[in-house]
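The values are calculated or read from the model by the stated rules, or taken from the named source; none is laboratory data. All values reported here derive from a predicted model rather than from experimental measurement. Using ideal geometry, Cβ is built from the backbone for each residue, glycine included, and neighbour counts are taken over all protein chains shown.
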Amino acid sequence: MWDFLDPSRQGPFFWKYGWKGIVFIVLVTWGMHHLIVSPVNHGIAGLLQFFTIGVHEAGHPLFRYLFLGNFKMTIWGGTLMEIGVPVLAYLWCLHRRWMVQSDICLLWIAIACHSIGHYAGCSLDPTITLLNAGPESVPDWDYMHQWLGTEGYEWHIRHTFYWFSALFTGLGIYLAAVHFWKWNDPDNRNYNEDDGYDFFNGIH
């Protein structure tokens with residue numbers, strides 16, 4: 001499977017992070033979760049969710065069509081598309097050895113996890129905003145919590161997704177940086193191909 005998904009063995013399961021990389025990812029994960037749950041986050045979060053909310057909304061009619069109008073799958077379609085599309089994009093980039101692009105997809109997955117977490121716990125909020133909703137509309141997760149048997153655990157589900165969002169943010173930033181550096185310096189010599197001059201060692 002890994003020969004197909006990650007033929008270059010540079011994905012998150014194969015990268016040698018070292019203690020500095022692990023410390024960086026842990027600090028970014030902790031910092032991002034702190035930002036996500038803080039009140040100052042809402043404006044940034046609302047802006048970032050534009051990258052996933054359209055995919056979410058497209059999932060409802062697509063799954064309604066694919067499953068012949070089945071109500072339960074129509075509701076599930078939004079969340080499954082919202083997380084599924086960036087995951088598939090990530091796996092495709094990993095398969096194609098497009099490492100920096102795959103790291104950007106990790107950040108896209110992080111945004112999707114934040115959005116899903118927000119709506120999974122929307123019953124905890126005093127007010128919520130729903131797209132394409134009328135006055136009688138019920139949030140997707142009101143149904144989904146009933147089907148999953150997670151009513152009463154909205155806080156736990158929300159923060160589980162928030163932690164995943166923070167973790168994927170840390171991984172995405174770290175791997176994008178190291179993959180970009182490796183792509184820009186494939187021989188690990190800081191070699192400038194344009195003029196054949198190594199600026200760090202002074203070698204022509």
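Overview of results
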quantity	calculated
Odd one out for TYR90 among (1) at pLDDT 95 or above; (2) buried (at least 20 other Cβ atoms within 10 Å of the Cβ); (3) touching a Phe, Trp or Tyr at 6+ places or on another chain (Cβ under 7 Å)	(3)
Among residues of segment 1-30, those that are within 17 Å of the chain's Cα centre (by Cα) and in contact (Cβ under 8 Å) with a residue 60 or more places away in the chain, counted	7
Pairs with Cβ under 6 Å, 6+ apart, first in segment 134-159 and modelled with pLDDT of 90 or more, second among the polar types (S, T, N, Q) and surrounded by fewer than 18 Cβ atoms within 10 Å (Cβ to Cβ)	GLU154/SER123; ILE157/THR150
